[in-house]
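Enquirer: Quick one: the structure is below, questions incoming.
The values are calculated or read from the model by the stated rules, or taken from the named source; none is laboratory data. Every value quoted in this text rests on a predicted model; they were computed, and no experiment measured them. When we count neighbours, we look across all protein chains shown, and the Cβ atoms used for this are built from the backbone with ideal geometry, even at glycine.
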Amino acid sequence: MLDVWVASWRATYPEIDFEERREWLVRHVRDLESVGAMTLCLLDAESRLAGFVVINPADGWLDQICVAPDLFGAGLGASLLSAARDVSPSVIRLDVNADNLRAVRFYERDGFSRVGRGANTLSGRETIMMEWRPRR
């Protein structure tokens, strides 16, 4: 999981050393799971990890979503969001880096709305808070 996370973020922000953030991710996911978050994994045809999502069903907070970079654009992100909706069917909330235009467009195409702004606690980058709710 760590390898997919590092590779995915390295492809998105090559100027940041995500390798040195591995221990942060381990602690972060452990803390999220200790309060009810779930890590859902997606395997490829050879049973290798293709991507994962970390979501808390209690409040719909999606904290991490990653796809292996060699699989970008293959629809796996949408599959991971679908799995997240299965465990949190009434709302999903997340922060996305405002300068990650590919991700912002991805979430908007998938029915997310912009609901606020913030800042990434690690990088200081501006974020967009987004939310998805089922259409009524």
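Enquirer: Please give the number of the condition residue 67 fails out of (1) crowded, with 17+ Cβ neighbours inside 10 Å; (2) of a type outside the set (Lys, Arg); (3) more than 20 Å from residue 25 (Cα to Cα); (4) touching a helix residue (DSSP H, G or I) at 6+ places or on another chain (Cβ under 9 Å).
Expert: The single condition residue 67 does not satisfy is (3).
Enquirer: Taking residue 59 and the conditions (1) of a type in the set (D, E, K, R); (2) at pLDDT 95 or above; (3) not in a loop (DSSP other than H, G, I, E, B), which numbered condition does it fall short on, given that it satisfies the others?
Expert: So residue 59 meets the others, but not (3).
Enquirer: Here's a follow-up. Going through region 2-53 one residue at a time, which ones are under 16 Å from the mean Cα position of the chain (by Cα), within 22 Å of residue 102 (Cα to Cα) and assigned to a loop (DSSP other than H, G, I, E, B)?
Expert: 13
Enquirer: Pairs under 8 Å by beta carbon, first residue free of Cβ contacts under 8 Å to residues at least 12 places away in the same chain in region 43-56, partner surrounded by 21 or more Cβ atoms within 10 Å (Cβ to Cβ) and part of a strand (DSSP E or B), six or more apart or different chains?
Expert: 43/50
Enquirer: Determine whether residue 105 is loosely packed, with under 12 Cβ neighbours inside 10 Å, of a type outside the set (S, T, N, Q), on the phi < 0 side of the Ramachandran plot and part of a strand (DSSP E or B).
Expert: In short, no.
Enquirer: Given the options 67, 115, 104, name the one that is modelled with pLDDT of 95 or more and within 15 Å of residue 1 (Cα to Cα).
Expert: Within the list 67, 115, 104, the selection yields 67.
Enquirer: For region 1-48, what are the residues that are charged (D, E, K, R) and in contact with a strand residue (DSSP E or B) (Cβ under 7 Å, 6 or more places away or on another chain)?
Expert: 33, 44
Enquirer: For region 108-128, what are the residues that are assigned to a strand (DSSP E or B), hydrophobic (A, V, I, L, M, F, W, C), touching a residue at least 12 places away in the same chain (Cβ under 8 Å) and exposed (fewer than 15 other Cβ atoms within 10 Å of the Cβ)?
Expert: Correct list: 115 only.
Enquirer: Hey, another quick one. Considering region 62-101 alone, what residues qualify as being assigned to a helix (DSSP H, G or I) and small (Gly, Ala, Ser)?
Expert: 77, 78, 79, 82, 83, 84
Enquirer: Within the group 95, 99, which residue is in contact with a Gly (Cβ under 7 Å, 6 or more places away or on another chain), under 16 Å from residue 13 (Cβ atoms) and either loosely packed, with under 15 Cβ neighbours inside 10 Å or of a type outside the set (Ser, Thr, Tyr) (or both)?
Expert: One residue alone meets the criteria, 95.
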